[in-house]
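The values are calculated or read from the model by the stated rules, or taken from the named source; none is laboratory data. Not measured: the values here are computed from a predicted model. A quick note on method: Cβ atoms are made from the backbone with ideal geometry, for glycine too, and the neighbour counts reach across all protein chains shown.
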Amino acid sequence: MKSYPPPKEFVATARIKHSALEKLRKEGIRSPVEFWERQAEHLLWKKRWTKAFVRKHPHVQWFVGGTLNAAENCLDRHVTTWRKTKAALIWEGEPGEIRTLTYGQLHSEVCRCANVLTELGVKKGDVVAIYMGMVPEAVIAMLACARIGATHNVVFGGFSADALRERVIDSGAVCVITQDAAYRRGDTVLLKSAVDEALSKVKSVKNVIVYKRTTLSTPMKKGRDVWWHDVMCTASIVHKAPALPSEHPLFILYTSGSTGKPKGILHTTGGYLVQTTWTAQNVFDLRDDDIYFCTADIGWVTGHSYIVYGPLSNGATIVMYEGAPNWPKADRFWDMIERHRVTIFYTAPTAIRAFMKWGDQWPKAHDLTSLRLLGTVGEPINPEVWKWYHDVIGKERCPIVDTWWQTETGAIMIAPIPGATTTVPGTATQPLPGILADVVHKDGTSCKANEAGLLVIKHPWPSIARTVYGNDERYRQAYWSEFPPDKRSGRDGWYFTGDGARRDADGNIWIIGRVDDVVNVSGHRLGTAEVESALVAHPAIAEAAVVARPHEIKGQALVAFVTLKSSAKNVQLEDLREALRKRVADNIGHIAKPDEIRFAEALPKTRSGKIMRRLLRELVTAGTISGDTTTLEDLSVIESLKGNDEE
């Protein structure tokens with residue numbers, strides 16, 4: 001596999017160069033606590049911590065005794081400098097409106113909103129649900145909650161009323177902030193009506209604040225609902241941010257589970273902000289003149305960590321977009337990059353595969369020379385997709401930071417440092433300084449080079465989730481039961497990521513996929529991600545998802561779901577099936593050839609763009625879906641796939 005050293009032009013001005021990175025890695029391995037203490041010095045603390053790290057398995061605390069305020073770190077400390085007039089947020093609505101908020105203006109709006117929440121009776125420790133589209137007011141609401149010490153629970157604006165209700169009830173939210181409707185692919189998504197339906201049997205919510213985004217008529221419930229513009233216009237722009245303990249709950253974010261109700265992942269303030277600040281600055285090599293565009297939705301952890309807290313804590317300028325990437329045409333992102341002179345672009349592999357599917361003509365029609373760094377997030381990126389991103393979007397001159405992390409980790413854990421790391425397509429390379437990751441066998445012994453195993457983190461990090469909200473036992477079982485404390489080996493207890501991985505001879509970690517995505521075919525353990533990469537490398541294939549079904553002879557058989565590029569709609573499917581099987585056999589081995597290849601118009605995905613292989617696995621084994629589907633973007637995709645076999 002070809003490797004890509006950092007471009008010399010990039011290295012010349014990079015924040016961290018190779019020698020400095022190696023020094024940081026050694027420091028982080030020798031004493032991760034001391035390493036993160038040094039990074040914490042870059043935040044504004046109202047009171048310094050008395051103890052950096054406390055552990056009582058499976059729980060940890062960071063910067064104990066210290067107090068700070070997340071909103072103050074993201075805003076107040078900038079408005080006393082030249083950044084007061086710097087653009088904090090450049091927002092573009094799907095219909096085309098553009099709004100720019102400076103740090104001074106964003107600070108004023110957050111203070112107003114903090115005063116509004118306080119006037120409505122929301123207090124420190126209360127939970128506020130935020131159910132909005134990608135509008136600046138969502139960021140304002142999040143930071144206002146953080147400012148007064150209320151815990152925000154952002155619920156993705158594409159979720160159903162049932163999904164919203166479940167999250168409101170589980171979190172015990174006392175207030176909901178929403179909007180009348182949001183724009184998506186030229187249509188309107190009625191958010192307020194979903195809130196009304198969700199709250200019909202909920203008693204904890206006392207107030208609903210409604211931001212007016214459209215001209216649609218919106219029913220308001222007297223005594224409960226208030227308009228954002230009405231309460232904001234009379235609120236003061238003066239608000240003193242209180243000192244909050246480092247371990248004060250900052251937010252709850254729900255992730256779907258394979259069965260049962262979604263897990264409410266709880267993150268606290270100090271450690272989370274320390275790690276998101278450091279990773280945003282150094283993984284993205286942030287500079288004061290950068291225009292940074294992360295395409296994630298505010299409702300996912302990427303939106304929390306790398307649209308809001310990480311970049312704003314660093315005083316960066318962020319671009320935020322309301323709508324779909326192919327509205328009104330498939331070049332919306334490239335048009336925005338050209339117009340706003342975006343320098344850093346952070347998106348998901350599933351989006352990049354869609355860009356490939358739509359065709360090179362769209363990005364090639366635009367001037368993308370402002371770009372200097374590209375990033376990926378959400379799932380492993382196929383090498384073929386990585387190369388397209390590097391060649392077509394980056395013009396072979398932009399480093400790519402392929403980042404591995406989870407909702408539960410809070411911040412990036414494994415990624416290249418762009419001015420220091422030689423990258424290889426398909427791997428997020430090595431753990432960041434201060435992150436003690438390893439690939440191990442089930443007995444806890446480290447795997448040899450290129451030997452498949454389980455990805456674990458051997459020492460807690462600052463931004464780690466503190467628990468599953470309201471269900472501490474689920475937290476223990478989900479993340480700490482696989483490698484519990486062991487006195488004989490001296491193990492304190494390791495965090496199990498749920499991912500299978502291998503480490504190559506250079507120390508790079510390759511994510512094989514979720515452990516339940518590692519299959520056993522005739523005694524051979526295969527990572528489905530590797531088979532998917534071989535399929536996507538075919539010029540006719542846009543996306544692929546591989547799952548296993550039981551087989552009476554081989555144990556498990558592989559079933560591949562693939563979508564075609566627009567340029568390949570007229571191919572002979574039977575010929576293509578055989579070509580794909582041959583490609584997998586040539587690239588991996590005969591044992592990895594899929595027993596079935598099913599062609600699909602689309603694959604089932606979450607609203608954040610991850611392919612829901614779990615649902616495909618249920619389809620090929622049972623023919624029905626019984627697990628949690630609340631994060632599924634389009635239920636009709638599942639219906640279209642039923643019975644879509646090779647016959």
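Table for the structure above
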item: Residues (part of a helix (DSSP H, G or I) and of a type outside the set (A, V, I, L, M)) located in the stretch 275-289; result: 275, 276, 277, 278, 279, 281, 282
item: Selection status of residue 350, buried (at least 19 other Cβ atoms within 10 Å of the Cβ) and either in contact (Cβ under 8 Å) with a residue 24 or more places away in the chain or more than 19 Å from the chain's Cα centre (by Cα) (or both); result: yes
item: Residue ID - modelled with the lowest pLDDT, chosen from residues in the stretch 298-330 that are of a type in the set (Gly, Ala, Ser) and under 20 Å from residue 275 (Cα atoms); result: 299
item: Residue within the stretch 526-541 that is of a type outside the set (Lys, Arg), at pLDDT 80 or above and assigned to a strand (DSSP E or B) present; result: yes
item: Selection from the stretch 573-597 of residues that are surrounded by fewer than 18 Cβ atoms within 10 Å (Cβ to Cβ), modelled with pLDDT under 90 and assigned to a loop (DSSP other than H, G, I, E, B); result: 588, 589
item: Residue under evaluation residue 42, criteria (1) surrounded by fewer than 19 Cβ atoms within 10 Å (Cβ to Cβ); (2) in a helix (DSSP H, G or I); (3) within 25 Å of the chain's Cα centre (by Cα), criterion not met; result: (2)
item: Only one of 2, 47, 23, 86 that is over 24 Å from residue 422 (Cβ atoms) and over 27 Å from the mean Cα position of the chain (by Cα); result: 47
item: Lone qualifier among 9, 94 - being farther than 30 Å from residue 298 by Cβ and in contact with a Lys or Arg (Cβ under 8 Å, 6 or more places away or on another chain); result: 9
item: Set 12, 71: member being among the small types (Gly, Ala, Ser), at pLDDT 95 or above, crowded, with 20+ Cβ neighbours inside 10 Å and in a helix (DSSP H, G or I); result: 71
item: Residue, farthest from residue 130 (Cα to Cα), within the stretch 231-273, restricted to residues that are of a type in the set (Ser, Thr, Tyr), buried (at least 18 other Cβ atoms within 10 Å of the Cβ) and at pLDDT below 95; result: 256
item: Residue within the stretch 553-565 that is at pLDDT 75 or above, assigned to a loop (DSSP other than H, G, I, E, B) and touching a strand residue (DSSP E or B) at 6+ places or on another chain (Cβ under 6 Å) present; result: yes
item: For residue 513: the one exception among (1) in a strand (DSSP E or B); (2) at pLDDT 90 or above; (3) under 26 Å from residue 407 (Cα atoms); (4) not hydrophobic (A, V, I, L, M, F, W, C); result: (2)
item: Any pair with Cβ under 6 angstrom, 6 or more apart, that starts in the stretch 58-72 at a residue that is at negative phi and ends at one that is of a type in the set (Asp, Glu); result: 61/247
item: Any hit, the stretch 84-105, residues being buried (at least 17 other Cβ atoms within 10 Å of the Cβ), among the charged types (D, E, K, R) and assigned to a helix (DSSP H, G or I); result: no
item: Inter-residue pairs, beta-carbon under 7 Å, first among the acidic types (Asp, Glu) and in the stretch 74-102, second crowded, with 18+ Cβ neighbours inside 10 Å and part of a strand (DSSP E or B), 6+ apart; result: 92/321; 94/183
item: Any chance residue 466 is modelled with pLDDT under 95 and under 30 Å from residue 252 (Cα atoms); result: no
item: Residue check, residue 378 modelled with pLDDT under 95 and surrounded by 19 or more Cβ atoms within 10 Å (Cβ to Cβ); result: yes
item: Single residue of the stretch 419-442 satisfying the filter (in a loop (DSSP other than H, G, I, E, B) and hydroxyl-bearing (Ser, Thr, Tyr)) that is surrounded by the most Cβ atoms within 10 Å (Cβ to Cβ); result: 427
item: In the stretch 219-230, residue surrounded by the fewest Cβ atoms within 10 Å (Cβ to Cβ) [restricted to those that are touching a helix residue (DSSP H, G or I) at 6+ places or on another chain (Cβ under 9 Å) and farther than 25 Å from residue 303 by Cβ]; result: 219
item: Any chance residue 195 is more than 13 Å from residue 254 (Cβ to Cβ) and β-branched (Val, Ile, Thr); result: yes
item: Any chance residue 489 is in contact with a helix residue (DSSP H, G or I) (Cβ under 6 Å, 6 or more places away or on another chain) and not in a strand (DSSP E or B); result: no
item: Residue identified as modelled with pLDDT of 95 or more, in a helix (DSSP H, G or I) and over 22 Å from residue 147 (Cβ atoms) among 333, 345, 293; result: 333
item: Residue list for the stretch 381-411, restricted to those being of a type in the set (A, V, I, L, M) and at pLDDT below 95; result: 381, 385
item: Scan of the stretch 446-483 for residues that are without any contact (Cβ under 8 Å) to a residue 60 or more places away in the chain and assigned to a loop (DSSP other than H, G, I, E, B), ordered by number; result: 447, 448, 449, 450, 451, 458, 481, 482, 483
item: Among (1) of a type outside the set (Ser, Thr, Tyr); (2) under 23 Å from residue 609 (Cβ atoms); (3) surrounded by fewer than 19 Cβ atoms within 10 Å (Cβ to Cβ) - the single one residue 333 does not satisfy; result: (3)
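For every residue, the table says whether it meets (1) more than 28 Å from residue 535 (Cα to Cα); (2) within 18 Å of the chain's Cα centre (by Cα); (3) β-branched (Val, Ile, Thr).
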{"position": "381", "(1), (2), (3)": "no, yes, yes"}
{"position": "385", "(1), (2), (3)": "no, no, yes"}
{"position": "408", "(1), (2), (3)": "yes, yes, no"}
{"position": "415", "(1), (2), (3)": "no, yes, no"}
{"position": "432", "(1), (2), (3)": "yes, yes, no"}
{"position": "443", "(1), (2), (3)": "yes, no, no"}
{"position": "448", "(1), (2), (3)": "no, no, no"}
{"position": "476", "(1), (2), (3)": "yes, no, no"}
